[in-house]
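Written below as structure tokens is the structure these notes are about.
Derivation of every value follows stated rules applied to the coordinates shown; laboratory data play no part. Please read these numbers as outputs of a predicted model, since none were measured by experiment.
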Amino acid sequence: MSFFIREDPLTDDRCIIASVRKKRPQIFREVVEEEPFQCPFCPGNEALTPSELFAIRDGKSWIVRVIPNKFSAIPNMHDVVVDSPFHTDDLDAIEHFDKVLETYKERMIHYYNSDSVRYVSVFRNRGKTAGASIPHPHSQVLALPFYPKRYIREKEKYERENKNIMEELIKKELDLQERVLSVSRHFCVLMAYAPSTPYEVWIVPKEKISSFIYEENFSELAGLLKETVSLLKAYLGESLPYNLTLQSAPPWDRDYHYYIRIMPRISVFGGFELETENIIVSVAPEEAAAELRTVKYTMRTET
């Protein structure tokens with residue numbers, strides 16, 4: 001079937017799957033040449049940034065560095081996490097990405113100790129299309145004095161159905177195996193059932209963990225993130241722009257199941273999406289899963 005409508009299992013938001021649109025003329029793989037400039041995130045240029053808030057070091061050199069965002073959305077509540085000292089690294093090339101995840105946790109704990117903070121957003125933009133203004137690998141942590149719309153909609157459904165929706169989703173996906181990319185000891189990697197972008201992937205703890213600040217399996221999670229991003233880039237292009245978001249409850253909310261979304265930005269929203277807040281996705285998740293599993297098998301046989 002080339003057309004059907006799905007509801008996000010966590011929010012009931014509708015998306016339209018229209019696989020026939022995949023055949024529209026378009027530039028699928030985009031190569032963006034970087035303009036020369038003095039990167040403020042590279043080692044040796046620390047004086048170009050605000051004073052360091054937190055860092056993880058290997059000897060005398062930093063490998064992860066946190067600074068205030070000079071162009072903050074909310075003053076004193078918006079961090080930049082410089083993921084690596086190496087300017088051209090992407091997530092899949094960062095050997096110490098477990099330390100980046102530990103840094104997310106540390107900054108979330110820091111902000112949740114403030115009485116004014118209701119929610120801490122952690123996200124990573126890669127590429128101009130995904131909103132990154134500097135190519136050096138970095139993430140952002142933004143503390144909010146309110147709960148964001150998606151979290152509110154998810155909570156409303158959790159309360160309305162009075163059950164762990166994510167736990168049931170994992171069980172269903174593992175039974176069907178249509179959208180499963182990989183499974184490790186503590187996590188599942190799934191194509192999103194009702195994606196916001198083509199090839200959207202969710203990484204979900206098997207057991208219920210409400211907030212990322214209670215996560216401890218950083219090495220395993222980092223390995224899955226690196227593997228998944230590498231797989232997406234192998235199929236969609238090395239310069240693939242994408243957004244990574246951490247969907248996590250505040251520490252006082254135990255009735256939630258956190259997860260990570262990776263959303264490739266290979267299409268753009270048009271007037272329909274802006275008018276209706278419904279999304280048209282050009283690749284069915286089942287098709288995406290089959291394509292990526294084939295690439296994964298090929299990558300393994302070639303190594």
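Hey, what did the range 200-286 get for relative contact order, percent, Cα under 8 Å, at least 6 apart?
On the way: 97 pairs, mean separation 33.1, N = 87.
Here the relative contact order equals 38 percent.
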Query raised in the report: Which whole-percent values make up P(r) of the chain when all C-alpha to C-alpha distances are grouped in 20 Å steps starting at zero?
Result: 32, 61, 8
Query raised in the report: Could you work out the helix-only [θ] at 222 nm for the chain, with each DSSP H run of four or more residues adding -39,500 (n - 2.57) and the total divided by the number of residues, to the nearest 500 deg cm²/dmol?
Result: -9000 deg cm²/dmol
Query raised in the report: For F187, which sequence-distant residues (separation of 5 or more, or a different chain) have an amide H within less than 5 Å of its own amide H, given hydrogens modelled in the peptide plane?
Result: K206
Query raised in the report: Dividing the alpha-carbon radius of gyration of the range 216-303 by 2.2 N^0.38 Å (N being the number of residues), what value is obtained?
Result: 1.34
Report task. Determine which aspartates and glutamates satisfy two conditions relative to K155: a Cα distance under 15 Å, and not lying fewer than 8 residues away in the same chain. Result -> D8, D12, D13, E167, D253, D255
Query raised in the report: In the structure displayed, which of K163/K206; K171/K208; K70/K226 lie more than 20 Å apart, Cα to Cα?
Result: K70/K226
Requested in this report: Could you grab the relative contact order for the range 3-302? Cα pairs under 8 Å, six or more apart, rounded to a whole percent.
Outcome: 22 percent
**Report entry** log₁₀ of I(q)/I(0) at q = 0.12, 0.16 Å⁻¹ - the range 156-272, Debye sum with one point per alpha carbon
**Finding:** -0.46, -0.81
